[in-house]
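Mind having a look at this structure? Questions to follow.
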Amino acid sequence: MPRGGPGASRLDRWYETDRPEYLDRPDTPREAARVRRGLDRLHRLTGGYDRFARWTLAHAGGAPAPRVLELGAGGGGLSRRVLERHPAARVTVSDVDAGTVAALRSGPLGAHPRATVRRLDATAVDAPDLAFDVAVFAASLHHLPADAVRAVLREGTRVAGTLLLIDAWRSPWLCVPAVPLMFVTGGPAHVHDGLISLRKAYGAAALRELAATAGPAPLRLRVRFGLPGCLVAAVSATG
Ligand SMILES: C[S@@+](CC[C@H](N)C(=O)[O-])C[C@H]1O[C@@H](n2cnc3c(N)ncnc32)[C@H](O)[C@@H]1O
């Protein structure tokens, strides 16, 4: 299915790309490290982490001590903000990449009394049903093909009351402000991966289709636009 959804225009299909990002390639570790640093700077510069943390806590169902799972956490900036914003929140911060998890363990989150660092695959989460109030997967969904996204939707809504997906809003116009910003935050490597990310981002129509076909019962999905150019999708089981 096209990333713009089943009814994607010809222009949108042309805009889509199947080029891999440096982050997805084993042979470009230096460029990938630059992209990770660039993304971290971008989130800090645009207030991304703060917004993502606020949105995550707003979907925790009002629990007094919210149990939060971050999937695909990268450097863990979002989890750190969640812990700062909510004095009783407990966070499981995870990523599928072993090196990323090792770096998280040796950083401040590894020693935080309310944080647990784990290696988890968002498509097959090793956790019991409803172990969390909210699970969040930020800036990561576009890395996965449609079948893997369906698995994330199933697994995220199995282990958490709400799965919050945050990624780039699908629009070619976003490239205009994004390219200079990414150049400043992470140089050519960040522009390379950022442009591919924007072209691979799932549109709202695609997510609706994936949520309808992810499991035995359709999932409930609410999608909205969030500054600075994000798709924010809250997914939960029906019934
Ligand atoms: C672009 S980075 C985003 C990192 C962080 N969430 C942020 O906003 O800066 C994408 C992350 O998703 C992780 N990832 C990719 N596939 C994954 C999967 N199946 N399960 C969990 N994490 C995954 C990658 O290892 C990487 O750390």
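Inspect all residues belonging to the range 28-35 and state whether any of them is surrounded by 14 or more Cβ atoms within 10 Å (Cβ to Cβ), part of a helix (DSSP H, G or I) and among the basic types (K, R).
Yes - at least one qualifying residue is present in the range 28-35.
Continuing with this model, one more query. Out of A65, A58, report the one residue that is more than 18 Å from the chain's Cα centre (by Cα) and away from the ligand (no atom under 16 Å from the Cβ).
Working: A58 fails: more than 18 Å from the chain's Cα centre (by Cα).
Only one candidate qualifies: A65.
Of all residues in the range 83-99 being out of contact with any helix residue (DSSP H, G or I) (no Cβ under 8 Å at 6 or more places or on another chain) and within 18 Å of R37 (Cβ to Cβ), which is farthest from the ligand (Cβ to nearest atom)?
So, considering only residues that are out of contact with any helix residue (DSSP H, G or I) (no Cβ under 8 Å at 6 or more places or on another chain) and within 18 Å of R37 (Cβ to Cβ), the one farthest from the ligand (Cβ to nearest atom) is G99.
Strands (runs of 3 or more DSSP E) wholly in the range 108-188 with at least 2 residues that are more than 10 Å from the ligand (Cβ to nearest atom), of a type in the set (G, A, S) and surrounded by 18 or more Cβ atoms within 10 Å (Cβ to Cβ) - which ones?
Counting at least 2 such residues, we get 160-168.
Being in a helix (DSSP H, G or I) and of a type in the set (S, T, Y) is the filter here; which residues of the range 194-208 pass it?
S197
Continuing with the same structure: Based on what the data block shows, is R80 charged (D, E, K, R), assigned to a helix (DSSP H, G or I) and more than 9 Å from the ligand (Cβ to nearest atom)?
For R80, the condition - charged (D, E, K, R), assigned to a helix (DSSP H, G or I) and more than 9 Å from the ligand (Cβ to nearest atom) - is met.
Give just the number: which of (1) modelled with pLDDT of 95 or more; (2) within 19 Å of Y15 (Cβ to Cβ); (3) out of contact with any Cys (no Cβ under 7 Å at 6 or more places or on another chain) does V176 not satisfy?
(1)
For the range 31-55, name all the residues that are in contact (Cβ under 8 Å) with a residue 40 or more places away in the chain, more than 14 Å from the chain's Cα centre (by Cα) and more than 11 Å from the ligand (Cβ to nearest atom).
Of everything in the range 31-55, those that are in contact (Cβ under 8 Å) with a residue 40 or more places away in the chain, more than 14 Å from the chain's Cα centre (by Cα) and more than 11 Å from the ligand (Cβ to nearest atom) turn out to be E31, R34, L45, T46, G47.
Checking M1 against (1) buried (at least 17 other Cβ atoms within 10 Å of the Cβ); (2) in a loop (DSSP other than H, G, I, E, B); (3) touching a Leu at 6+ places or on another chain (Cβ under 8 Å), only one condition comes out false. Which one?
(1)
The values are calculated or read from the model by the stated rules, or taken from the named source; none is laboratory data. Because the structure is a prediction, the values reported are computed rather than measured. As a convention, Cβ positions derive from the backbone with ideal geometry for all residues, glycine included, and neighbour counts pool all protein chains shown.
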